[in-house]
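Notes follow the structure.
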Amino acid sequence: MPGVFSLRLYCPEIAAAARPGQFVMLKCGESLLLRRPISISDANAPSGQIGLMIALIGKGTDWLSRRQPGEELDVLGPLGNSFEIDDRAERLLLVAGGMGIAPLNFLANKAAALGKNVTLILGARTGELLCPSSHLPDVNECVLCTEDASVGIKGRVTDCPDAHVEMVQQIFACGPLPMYRALAKDPRFKNKPMQLSLEVRMACGIGLCYGCTVNTRQGLKQVCQDGPVFEAQDILWQELADL
């Protein structure tokens, strides 16, 4: 994936407590004041390690990409709430757009450990922007979608066949806002319980600055504390149009 790197951290306390959907805040050197929020893509309590998948989008992530084994990082976490799998749901659908695969990778591994039947739909603009198969979770079925038809189904994740949506009892999604709005408008998804992870700008990550506040059907919520995972039907999509 061009412009994307993985980072593994040894932090036993975070690895033991982390749940799918949560994130960490990383300090990126002395010159940058604000930490960067990064979704946890996997956590292994026995090894004490967590995995992060990071896109190069600025000075902070560029600094992180140049760290070497053995260096110490200042990390806060795990932060936020998590995806919750219904005990009664046997068939799960995970919908990832681009970098949205990061937290869903963690969720897929947990679901597999619980014996759930998991289908993953992964979409990107082109095949080279898809997460490589070597980094994808081991699921029952993986459906790839690309807008240029270079890999898998031509189109976006909402162009997946009906059969992949009809039989599932629970849906989990992570991706860009346009993908969420498309899912919200798709009649196949409207009557299915769906949780999604919101990606918004964060400053503190611990609920002090209120910079990540969004308006929902349940009132004002802070993405860093009340989220990042929300029920899809609680989101006021028009309110998020300019984020």
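Every condition in (1) part of a loop (DSSP other than H, G, I, E, B); (2) without any contact (Cβ under 8 Å) to a residue 40 or more places away in the chain; (3) open to solvent by less than 60 Å² (accessible area, probe 1.4 Å) is met by L73 except one, and the failing one is (2). A Cβ distance below 7 Å, combined with a sequence gap of six or more or placement on separate chains, defines the contacts here; from the range 76-94, residues that are farther than 11 Å from Q195 by Cβ and open to solvent by 30 Å² or more (accessible area, probe 1.4 Å) reach residues that are in a strand (DSSP E or B) and polar (S, T, N, Q) in the pairs E90/N117; R91/N117.
Within the group F23, F106, which residue is in contact with a Cys (Cβ under 9 Å, 6 or more places away or on another chain) and crowded, with 20+ Cβ neighbours inside 10 Å? Explain how you work it out, then say what you get.
Values: F106 fails: in contact with a Cys (Cβ under 9 Å, 6 or more places away or on another chain).
Going through F23, F106 in turn, just one is in contact with a Cys (Cβ under 9 Å, 6 or more places away or on another chain) and crowded, with 20+ Cβ neighbours inside 10 Å: F23.
Can you find, within the range 35-69, the residue that is least open to solvent (accessible area, probe 1.4 Å) among those that are touching a helix residue (DSSP H, G or I) at 6+ places or on another chain (Cβ under 9 Å) and in a loop (DSSP other than H, G, I, E, B)? For the range 35-69, the residue satisfying everything is G48.
Within the range 127-139, can one find any residue that is within 18 Å of M53 (Cα to Cα), surrounded by fewer than 20 Cβ atoms within 10 Å (Cβ to Cβ) and within 15 Å of the chain's Cα centre (by Cα)? Scanning the range 127-139 turns up at least one residue that is within 18 Å of M53 (Cα to Cα), surrounded by fewer than 20 Cβ atoms within 10 Å (Cβ to Cβ) and within 15 Å of the chain's Cα centre (by Cα). Taking G77, is it over 24 Å from S134 (Cα atoms) and at pLDDT below 95? Criteria met by G77.
Please determine whether any residue of the range 124-142 is in contact (Cβ under 8 Å) with a residue 24 or more places away in the chain and among the acidic types (D, E). Within the range 124-142, one or more residues are in contact (Cβ under 8 Å) with a residue 24 or more places away in the chain and among the acidic types (D, E).
The values are calculated or read from the model by the stated rules, or taken from the named source; none is laboratory data. No experiment lies behind these values; they were computed from the predicted model shown. Neighbour counts run over all protein chains shown; Cβ positions are idealised from the backbone, glycine included. With ligands, DNA and RNA removed, areas are computed over all heavy atoms of the protein, side chains included. Shrake-Rupley method; radii C 1.70, N 1.55, O 1.52, S 1.80 Å.
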